[in-house]
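I have placed the structure first, in the form of structure tokens, so that the comments after it can refer back to it.
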Amino acid sequence: MIASKVVALVAFAVSVHAASVGGFNTTSADFVPFLAMGQVAAVELFGSRNTQTRLIAQDLNGAIAQYGIVNGPFTTGQTQFGSILVPATEDILHGTPIAFTAIGNADQGFHVYFLSSSNRLREYKWTATVGGRYGSGTQCPECIDNMGYTVATGSNQWLYALENPTTNVLRVGFVSPGIPGTIVEAVKVNDASPWQLAPLPN
């Protein structure tokens, strides 16, 4: 899944050397172009990859892509890889909000949440045992796509995702057009349990 170095990925392909970058005084700046539309989600991973930062974004072609930076923050790190998680040929909202959370520790896997063109909540899931999956039905029977949840449009269109590393309870927050004026969470206790929907409690 992880390439040994940066792979060709839209505007992510070329390292650039410059004496001055955006007003920063650098004598030998080495940076990777990063062009994304919409929001960017970021997580610093735990486990054996606890110095790795993952950025998840929608690239300019419309695909959901991931980027891996190792050895801590940008001041000390290095971009190690980039890859497409969900291709642009899939049903993905242009400028979709994105939420990202790890499963337990980084060695177990992660979830990425995004929207379809009809504002339906979708999921990409990667685990060490199965690999990457997305979609509904047999493609990914435990993915949130199967629930048909829709997300409000306009300024209320956002997502968040949390997973407890001890209990593995998974939570995805958004504004539902069916319950306007508050946050709702889709909650899944484990892969075998059903998704449950609940508004922000009293």
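A compact table of results
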| quantity | calculated |
| --- | --- |
| Failed item, numbered, when Arg122 is tested on (1) in contact with a Lys or Arg (Cβ under 9 Å, 6 or more places away or on another chain); (2) part of a strand (DSSP E or B); (3) not aliphatic (A, V, I, L, M) | (1) |
| Among residues of the stretch 32-85, those that are farther than 21 Å from Thr101 by Cβ, in a loop (DSSP other than H, G, I, E, B) and among the aliphatic types (A, V, I, L, M), counted | 3 |
| The stretch 145-202: number of residues that are loosely packed, with under 11 Cβ neighbours inside 10 Å, on the phi > 0 side of the Ramachandran plot and not in a helix (DSSP H, G or I) | 2 |
| Filtered residue count, the stretch 32-52, keeping only those that are surrounded by fewer than 19 Cβ atoms within 10 Å (Cβ to Cβ) and in contact (Cβ under 8 Å) with a residue 40 or more places away in the chain | 13 |
| Filter result (free of Cβ contacts under 8 Å to residues at least 60 places away in the same chain, out of contact with any His (no Cβ under 7 Å at 6 or more places or on another chain) and surrounded by 19 or more Cβ atoms within 10 Å (Cβ to Cβ)) within the stretch 112-138 | Tyr113, Phe114, Leu115, Arg122, Tyr134 |
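Yes/no per residue for (1) surrounded by fewer than 16 Cβ atoms within 10 Å (Cβ to Cβ); (2) more than 19 Å from Gly131 (Cα to Cα):
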{"residue": "Arg54", "(1), (2)": "no, no"}
{"residue": "Ala57", "(1), (2)": "no, yes"}
{"residue": "Asn61", "(1), (2)": "yes, yes"}
{"residue": "Tyr67", "(1), (2)": "no, no"}
{"residue": "Phe74", "(1), (2)": "yes, yes"}
{"residue": "Gln80", "(1), (2)": "no, yes"}
{"residue": "Pro87", "(1), (2)": "yes, no"}
{"residue": "Asp91", "(1), (2)": "yes, yes"}
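Read-outs: derived from the displayed coordinates by stated rules, not from any lab. None of these values were measured; they are calculated from a predicted model. When we count neighbours, we look across all protein chains shown, and the Cβ atoms used for this are built from the backbone with ideal geometry, even at glycine.
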